[in-house]
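Please read the structure below before turning to the comments.
The values are calculated or read from the model by the stated rules, or taken from the named source; none is laboratory data. Note that this is a predicted model, so its numbers are computed, not measured. With ideal geometry, Cβ positions are generated from the backbone for all residues, glycine too; neighbour counts draw on all protein chains shown. The protein model used for the area step is the full one, side chains on, heavy atoms only, and it has no ligands, DNA or RNA in it. Shrake-Rupley method; radii C 1.70, N 1.55, O 1.52, S 1.80 Å.
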Amino acid sequence: MGEWILQVKNLHTYFRGATVVKAVRGIDLEIAAGETLGIVGESGSGKSVMAQAMMRLVQSPGGIEKGEILLDGEDLAKLPEARMRAIRGNKIAMIFQEPMTSLNPVIRVGDQIAEVVRLHRGYSKRQALDFAIEMLRKVRIADPERRAREYPHELSGGMRQRVMIAMGLACNPKLIVADEPTTALDVTIQAQILKLMVDMQAETGTAMLLITHDLGVVAETAQRVAVMYAGQVVEYAGVEELFADPLHPYTQGLMASVPQIDQPRPESRMLPAIPGAVPSLDALPVGCAFQDRCPHVFDKCRVSEPLLKLHRDGHSARCWLHD
Amino acid sequence: MSLGLFLLKRIAYATPLLVGAIVLIFVLVRLAPGNPVDYIIGEMGADPVVVARLMADMGLDQPVYVQLYRYVLQVLTGDLGHSFVSNAPVIDLILDRLPATLLLMVSQLVLSILIGVWLGVLSARKPGSSLDNAITIFSLATFAIPVFWLGQMLILTAGYYLHWFPIQGMVNFRAGYTGWEHVVDVAYHMVLPVTAMTLLNLALIQRLTRASMIEVLGQDYVKVARAKGLTEGAVLVRHALRNGLLPVVTVIGLEFRSLIAGAVLTETVFAWPGLGRLTFDAIGTRDYPLLMGMFIFMCALVIIGNLITDLLYALLDPRIRYS
Ligand SMILES: Nc1ncnc2c1ncn2[C@@H]1O[C@H](COP(=O)(O)OP(=O)(O)OP(=O)(O)O)[C@@H](O)[C@H]1O
Ligand SMILES: [Mg+2]
């Protein structure tokens, strides 16, 4: 792809408490306009921290340690806070995992959407509310005039996630960061929300960073995938390429019990368990972070850390087996 | 449910409470030995015919339930009886002193809420920081000090030794100020009692605000608010505080009784001519009608206070209005 709208270069995000937790350790990513990049990885692999770092929202004692986040060539990591605020919710928006708790319980749904365009577009109260109703209609909520006046507790989980999507797309952002947007929903609702997101994306041309546990979701929506393990990208490839020929033993492990994309999926599509656990991020071993769980581990893996290396067109992996 | 309907329902709940309080005081007085006629004729005794006439005049020859019914009606129309000690209607005595007490109570309540919430938010923003620790020590200290001792220490230091503030009463009678000068004079007299009561109540409000704000600041909707690009101030006030204040409002409502108790103590220490002082004096002179009136009046005050709390809560939290 030619024009990247977002490039992440060597991003590190640490939490400096009693120990230093290296949640994100040198991530490189890029996203083209209108594209969906999937991020998969087990719990604790640093997906959410990376997403928050891209919006500069990691709260103390955490913070971006080094690296660049280039949005249209502008490095967000170095931007003054006031300039960064003008970008949040405007050029980059975020959709969170828990629709039940992501909306403020004491503010009307319409006002919560309106707030974004009042802030970034300078709309009047009236204009902003009309706009919010329009957005609710776009995310296919029935009777949007009435819903806009309701409070979050009057809406179902699926509807609330639609509201979150409306809120995220309000300013027509260049990039949407969706952190497990369907994980908390029923399976049938999941499919509806996912379809809505894909449709909205096609309509607006927004790029999307889609974080998920669910390889099925990635297969359906993403063009490219980054597999994360212990704060790093261990494999990075086009979606078909990755499913056809996973290079990293971790990716292979993730896919082992997942059926082919064209076969009907079983009930649970969550990542299958790989024996062992993610190493503690404040005391990583020397060498490869996956060494203790890897079925193909050999001497070199315990001595030095492999780099993310390009193997063929657009397919890279971080593994000594493919050196 | 509309707010008006909600309020009507609450008033409907409050009325039996008030009637209950009136019945209770009636029963208590009936249980005490002797009756008002004995009190009027004194030790000497009197002609049984006179006694019977007095009893009939006062309705004491009627069955108890008739007397109770009449008493409740009488009180509900605002007639709290007659003080023989002051030879004046009890309600007049109370209303005469009410403004002085309200002035003190409202000032200290407003001040302790403003300062307490502000300190609580400061604490909650960085729990465990040296600022938080300093505020915690301060509020624990003021919480532990009894108000009568604090009052006397203030009198001793700021009043007696330093001569900064008057230590007794509400106005300077000798100067006999009027108009604007009178207002300044009263404000000047208010400084010490208001300080004493504010310090006492502020601690509780600070601790509650801190605890509830720490919880609220960890909620998803606060992250969402930040991701919208709002300033930290807007996130705190518009999104976090409205939720964080809910438990604070509840507890202030519940603490209304001890607020009144604190007022009695403070007014006594500073010779403030309010209801607390009136109650204290009524105990000294065994002015039973006045004490009974005060009891019912304070019950009404607490019930009204709770009503205001409920209304405030419903205004802040839409979920309450529907349950
Ligand atoms: N505030 C924090 N303080 C210290 N460590 C943190 C903090 N937040 C996250 N971490 C650490 O960062 C690591 C990555 O967490 P993150 O939430 O990004 O994982 P994730 O991949 O999103 O997992 P999940 O799939 O469960 O959402 C974890 O090991 C976690 O312990
Ligand atoms: Mg996560």
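Please determine whether any residue of segment B:169-188 is buried (at least 16 other Cβ atoms within 10 Å of the Cβ), part of a helix (DSSP H, G or I) and within 14 Å of chain A (Cβ to nearest Cβ). Among the residues of segment B:169-188, not one is buried (at least 16 other Cβ atoms within 10 Å of the Cβ), part of a helix (DSSP H, G or I) and within 14 Å of chain A (Cβ to nearest Cβ), which makes the answer no.
Residues that are within 13 Å of chain B (Cβ to nearest Cβ), surrounded by 23 or more Cβ atoms within 10 Å (Cβ to Cβ) and within 16 Å of ligand 1 (Cβ to nearest atom) within segment A:161-207 comprise A:Val177, A:Ala178, A:Pro181, listed in sequence order. Among the residues of segment B:81-94, which ones are open to solvent by less than 70 Å² (accessible area, probe 1.4 Å) and either within 12 Å of B:Tyr288 (Cβ to Cβ) or of a type in the set (Ser, Thr, Tyr) (or both)? Result: B:Gly81, B:Ser83, B:Ser86, B:Val90.
Restricting the search to segment A:53-77, which residues are touching a strand residue (DSSP E or B) at 6+ places or on another chain (Cβ under 8 Å) and either outside any strand (DSSP E or B) or within 14 Å of another protein chain (Cβ to nearest Cβ) (or both)? Within segment A:53-77, A:Ala53, A:Met54, A:Met55, A:Arg56, A:Leu57, A:Val58, A:Pro61, A:Gly62, A:Leu71, A:Asp72, A:Leu76, A:Ala77 qualify. Working only within segment B:305-319, note down all residues that are open to solvent by 40 Å² or more (accessible area, probe 1.4 Å) and without any contact (Cβ under 8 Å) to a residue 60 or more places away in the chain. Once the filter is applied, which keeps residues that are open to solvent by 40 Å² or more (accessible area, probe 1.4 Å) and without any contact (Cβ under 8 Å) to a residue 60 or more places away in the chain, segment B:305-319 yields B:Ile308, B:Arg319. In segment A:89-128, the residue that is nearest to the chain's Cα centre (by Cα) out of those that are outside any helix (DSSP H, G or I), more than 8 Å from chain B (Cβ to nearest Cβ) and buried (at least 24 other Cβ atoms within 10 Å of the Cβ) is A:Ile95.
Quick check on A:Ser43: is it touching a strand residue (DSSP E or B) at 6+ places or on another chain (Cβ under 7 Å), under 26 Å from A:Tyr229 (Cβ atoms) and either open to solvent by 60 Å² or more (accessible area, probe 1.4 Å) or within 14 Å of chain B (Cβ to nearest Cβ) (or both)? Answer is no for this residue.
Taken over segment B:54-73, the criterion of being part of a helix (DSSP H, G or I) and loosely packed, with under 14 Cβ neighbours inside 10 Å is satisfied by B:Ala56, B:Asp57, B:Val64, B:Tyr65, B:Val66, B:Tyr69, B:Arg70, B:Leu73.
Here is a yes/no grid of residues against (1) without any contact (Cβ under 8 Å) to a residue 24 or more places away in the chain; (2) open to solvent by 50 Å² or more (accessible area, probe 1.4 Å); (3) over 18 Å from A:Lys78 (Cβ atoms); (4) more than 16 Å from ligand 2 (Cβ to nearest atom):
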{"position": "A:Leu6", "(1), (2), (3), (4)": "no, no, no, yes"}
{"position": "A:Lys9", "(1), (2), (3), (4)": "no, yes, no, yes"}
{"position": "A:Tyr14", "(1), (2), (3), (4)": "no, no, no, yes"}
{"position": "A:Val24", "(1), (2), (3), (4)": "no, no, no, no"}
{"position": "A:Glu30", "(1), (2), (3), (4)": "no, no, yes, yes"}
{"position": "A:Thr36", "(1), (2), (3), (4)": "no, no, yes, yes"}
{"position": "A:Lys47", "(1), (2), (3), (4)": "no, no, yes, no"}
{"position": "A:Met54", "(1), (2), (3), (4)": "no, no, no, no"}
{"position": "A:Leu57", "(1), (2), (3), (4)": "no, no, no, no"}
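Entry remark, segment A:254-297: residues being part of a loop (DSSP other than H, G, I, E, B), hydrophobic (A, V, I, L, M, F, W, C), open to solvent by less than 80 Å² (accessible area, probe 1.4 Å) and modelled with pLDDT of 85 or more number 7 in total.
If you go through segment A:59-70 and keep only what is within 15 Å of ligand 1 (Cβ to nearest atom) and either open to solvent by less than 30 Å² (accessible area, probe 1.4 Å) or of a type in the set (A, V, I, L, M) (or both), you end up with A:Gly62, A:Gly63, A:Ile64. Looking at B:Leu140, B:Leu162, just one residue is aliphatic (A, V, I, L, M) and closer than 26 Å to B:Met105 by Cβ, and that residue is B:Leu140. When residues in segment B:220-239 are screened for being within 9 Å of chain A (Cβ to nearest Cβ) and either in contact with a helix residue (DSSP H, G or I) (Cβ under 6 Å, 6 or more places away or on another chain) or open to solvent by less than 40 Å² (accessible area, probe 1.4 Å) (or both), 12 of them pass. One residue stands out in segment A:84-134 among those that are within 16 Å of ligand 2 (Cβ to nearest atom) and touching a Phe, Trp or Tyr at 6+ places or on another chain (Cβ under 8 Å): the one that is farthest from A:Ile165 (Cα to Cα), namely A:Thr101.
Here A:Thr19 fulfils each of the conditions (1) open to solvent by 10 Å² or more (accessible area, probe 1.4 Å); (2) within 16 Å of A:Lys174 (Cα to Cα); (3) touching an Asp or Glu at 6+ places or on another chain (Cβ under 6 Å) apart from (2). Looking across segment A:159-195, the residues that are small (Gly, Ala, Ser) and under 26 Å from A:Gly41 (Cβ atoms) come down to A:Gly168, A:Ala178, A:Ala184, A:Ala191.
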